[in-house]
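As structure tokens, the structure follows; a few thoughts come after it.
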Amino acid sequence: MPTPNKMRAALLLGGLALAALAYLGLRGERVEVARVERGELRQAVVASGRVRTPLRIEVASQITGRIATVAVREGDRVAAGQLLLQFDAAEWQAGVAQARATLAQAESRLRQIGEAGLPLAEQNLRQAEATFRQAERHYQRVGELVAKGFYSPAQLDEAQRARDIAASQLQTARIQVANNRGDGIEVKLARSTIDQARAALAVAEARLAYATLQAPVAGRVLTRNVEPGDTAQPGKTLLTLAPSGETELTAQIDEKNFGLLALGQLAQVSADAYPGERFAAQLNYIAPAIDAQRGSVEIRLGVPQAPAYLRHEMTVSIDIEAARRADALSIPCDSVRDVGSSPWALAVRDGRTVRQPVKLGLRGDGRCEIVDGLGEGDAVLPAAVPLREGRRVVAVNR
């Protein structure tokens with residue numbers, strides 16, 4: 001049976017507990033709150049992307065042949081005109097030599113016409129003219145003698161045949177001279193033969209040039225798909241080059257951030273392989289359509305001064321500055337409720353919780369800008385605190 005002292009002690013403790021509960025009920029529950037603060041707020045769109053080159057050059061063969069030498073490896077930097085690979089060119093070298101010999105023969109023929117053919121034809125023409133004049137005079141004398149009865153008509157016929165033959169030879173000589181002059185058939189034919197020989201030489205030299213592949217521009221070798229001894233086929237890509245110049249980054253951005261993007265926005269980028277190094281980029285392309293399968297939009301950023309360690313297809317982290325406010329009111333975003341529909345915050349006013357609708361602005365670094373609904377210094381409860389509106393509380397800064 002409890003003693004009187006124990007009973008008095010139990011009653012005293014019960015009274016104290018009731019007093020404490022009454023005190024807490026009057027003063028309220030202690031809760032941690034966040035304050036509306038004024039300061040700079042930056043909103044960013046963050047994504048993972050890759051390094052790419054705006055332009056790739058695929059070096060392919062235009063001939064079928066055996067590869068003798070490959071002078072570069074993947075990753076090598078090359079200068080414009082630098083040797084990339086060499087075919088076994090013995091066949092094409094022989095073709096060039098043959099074409100040059102044919103051209104020399106055609107040119108020699110044209111010189112021969114000018115130096116010997118035309119003078120000889122002119123000399124033959126002079127002889128034919130003299131022979132014809134002599135045959136003509138002989139024919140006239142025989143005709144006079146036949147008329148006087150000294151020669152028979154048969155002798156006149158013989159003189160006439162001689163004159164006709166001389167006339168034919170004269171005509172032939174005149175044609176030969178005309179043919180060997182600058183606008184004659186022989187000269188035109190010789191010049192045509194020269195043109196054909198030159199065209200054949202150009203084809204042979206072009207085929208020989210195809211046997212040596214050089215870098216069309218300065219850049220870096222991305223891929224090498226050939227080894228010495230391989231047989232290349234026309235159109236097959238042997239090497240891929242990335243020309244030197246502006247590097248580009250590409251990324252897929254969630255379509256919910258589409259409205260935050262604008263051409264010209266600046267970004268800070270770091271390569272996953274070099275997380276401590278950052279470099280600048282600028283947004284210069286936003287795809288005109290959304291990828292329905294992934295719910296994203298493609299963007300590309302130019303890198304005016306790419307660091308030397310960047311490599312094609314390297315993974316990078318991209319931080320695009322979408323907006324910045326130097327003097328913004330903000331609260332932690334975890335204190336905003338129903339963000340996607342009608343945002344509100346559970347504020348503390350006069351020691352009680354109050355449901356306060358808010359209008360949001362920028363969002364960045366875990367904080368949301370308050371455009372309307374709260375003022376600087378106002379206290380709000382984190383959304384995770386399970387209190388209802390109208391509860392008496394004691395606000396404690398967290």
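Taking only the stretch 212-240 into account, find how many residues are under 14 Å from Val70 (Cβ atoms), among the aliphatic types (A, V, I, L, M) and under 19 Å from the mean Cα position of the chain (by Cα). Matching residues across the stretch 212-240 total 4.
Each row is one residue, and each column tells you yes or no for (1) open to solvent by 60 Å² or more (accessible area, probe 1.4 Å); (2) touching a Pro at 6+ places or on another chain (Cβ under 8 Å); (3) closer than 30 Å to Arg73 by Cβ; (4) not in a strand (DSSP E or B).
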| residue | (1), (2), (3), (4) |
| --- | --- |
| Leu170 | no, no, no, yes |
| Arg174 | yes, no, no, yes |
| Asn179 | no, no, no, yes |
| Ala190 | no, no, no, yes |
| Pro216 | yes, no, yes, yes |
| Val221 | no, no, yes, no |
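I'd like the full set of residues that are outside any strand (DSSP E or B) and either modelled with pLDDT of 75 or more or closer than 30 Å to Ile320 by Cα (or both), limited to the stretch 7-62. Once the filter is applied, which keeps residues that are outside any strand (DSSP E or B) and either modelled with pLDDT of 75 or more or closer than 30 Å to Ile320 by Cα (or both), the stretch 7-62 yields Val36, Thr53, Pro54, Leu55, Arg56, Ser61, Gln62.
The set of residues in the stretch 223-250 that are surrounded by fewer than 18 Cβ atoms within 10 Å (Cβ to Cβ) and part of a loop (DSSP other than H, G, I, E, B) comprises Asn225, Glu227, Pro228, Gly229, Asp230, Gln233, Pro234, Gly235, Lys236, Ser244, Gly245, Glu246.
Conditions (1) crowded, with 16+ Cβ neighbours inside 10 Å; (2) at pLDDT 90 or above; (3) of a type in the set (Phe, Trp, Tyr); (4) assigned to a helix (DSSP H, G or I), marked per residue:
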| residue | (1), (2), (3), (4) |
| --- | --- |
| Gln305 | no, no, no, no |
| Tyr309 | no, no, yes, no |
| Val316 | yes, yes, no, no |
| Ile320 | yes, yes, no, no |
| Ala323 | yes, no, no, no |
| Ala347 | yes, yes, no, no |
| Gln356 | yes, yes, no, no |
| Arg363 | yes, no, no, no |
| Glu369 | yes, yes, no, no |
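Taking the conditions exactly as written (in contact with a Leu (Cβ under 7 Å, 6 or more places away or on another chain) and either part of a helix (DSSP H, G or I) or surrounded by 15 or more Cβ atoms within 10 Å (Cβ to Cβ) (or both)), does Val142 satisfy them or not? The answer is yes for Val142. Screening Glu246 with (1) modelled with pLDDT under 85; (2) touching a helix residue (DSSP H, G or I) at 6+ places or on another chain (Cβ under 8 Å); (3) of a type in the set (D, E, K, R) gives one miss only, at (2). Listed by first and then second residue, the pairs linking a residue in the stretch 365-384 that is more than 25 Å from Gly351 (Cβ to Cβ) to a residue that is in a strand (DSSP E or B) and open to solvent by 40 Å² or more (accessible area, probe 1.4 Å), with Cβ atoms under 9 Å apart and 6 or more places separating them unless they lie on different chains, are Asp365/Arg42; Arg367/Glu37; Glu369/Arg325; Glu369/Arg363; Val371/Lys359. Residue count for the stretch 251-283, restricted to those that are in a strand (DSSP E or B) and surrounded by 18 or more Cβ atoms within 10 Å (Cβ to Cβ): 8.
Of the candidates Ala97, Ala71, the single residue that is modelled with pLDDT of 90 or more and touching a helix residue (DSSP H, G or I) at 6+ places or on another chain (Cβ under 9 Å) is Ala97. Taking the conditions exactly as written (farther than 17 Å from Lys359 by Cα, among the charged types (D, E, K, R) and either open to solvent by 50 Å² or more (accessible area, probe 1.4 Å) or touching a strand residue (DSSP E or B) at 6+ places or on another chain (Cβ under 9 Å) (or both)), does Arg337 satisfy them or not? No. Does Glu91 count as at pLDDT below 90 and part of a strand (DSSP E or B)? Answer is no for this residue.
Every residue, every condition in (1) in contact with a helix residue (DSSP H, G or I) (Cβ under 6 Å, 6 or more places away or on another chain); (2) farther than 24 Å from His312 by Cβ; (3) at pLDDT below 90, yes or no:
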site: Val221; (1), (2), (3): no, no, yes
site: Asn225; (1), (2), (3): no, no, no
site: Gly235; (1), (2), (3): no, no, yes
site: Thr240; (1), (2), (3): no, no, yes
site: Thr250; (1), (2), (3): no, no, no
site: Lys256; (1), (2), (3): no, yes, yes
site: Ala262; (1), (2), (3): no, yes, no
site: Leu266; (1), (2), (3): no, no, no
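Tallying residues that are of a type in the set (Gly, Ala, Ser), assigned to a helix (DSSP H, G or I) and surrounded by fewer than 17 Cβ atoms within 10 Å (Cβ to Cβ) within the stretch 145-161 yields 2.
Checked against the criterion of being out of contact with any Leu (no Cβ under 6 Å at 6 or more places or on another chain), open to solvent by less than 50 Å² (accessible area, probe 1.4 Å), under 30 Å from Arg73 (Cα atoms) and assigned to a helix (DSSP H, G or I), the candidates Ala206, Ala166 yield just one match: Ala206. Among the candidates Arg137, Arg66, Arg77, Arg38, the residue that is open to solvent by 100 Å² or more (accessible area, probe 1.4 Å) and either in contact with a helix residue (DSSP H, G or I) (Cβ under 6 Å, 6 or more places away or on another chain) or without any contact (Cβ under 8 Å) to a residue 40 or more places away in the chain (or both) is uniquely Arg137.
Checked against (1) in a helix (DSSP H, G or I); (2) modelled with pLDDT of 85 or more; (3) surrounded by 13 or more Cβ atoms within 10 Å (Cβ to Cβ), Thr131 passes all but a single condition, namely (2).
The values are calculated or read from the model by the stated rules, or taken from the named source; none is laboratory data. This one's a predicted model, so the numbers in the text were calculated from it and none came from an experiment. Using ideal geometry, Cβ is built from the backbone for each residue, glycine included, and neighbour counts are taken over all protein chains shown. For accessibility, only protein heavy atoms count, side chains too; no ligands or nucleic acids. Shrake-Rupley method; radii C 1.70, N 1.55, O 1.52, S 1.80 Å.
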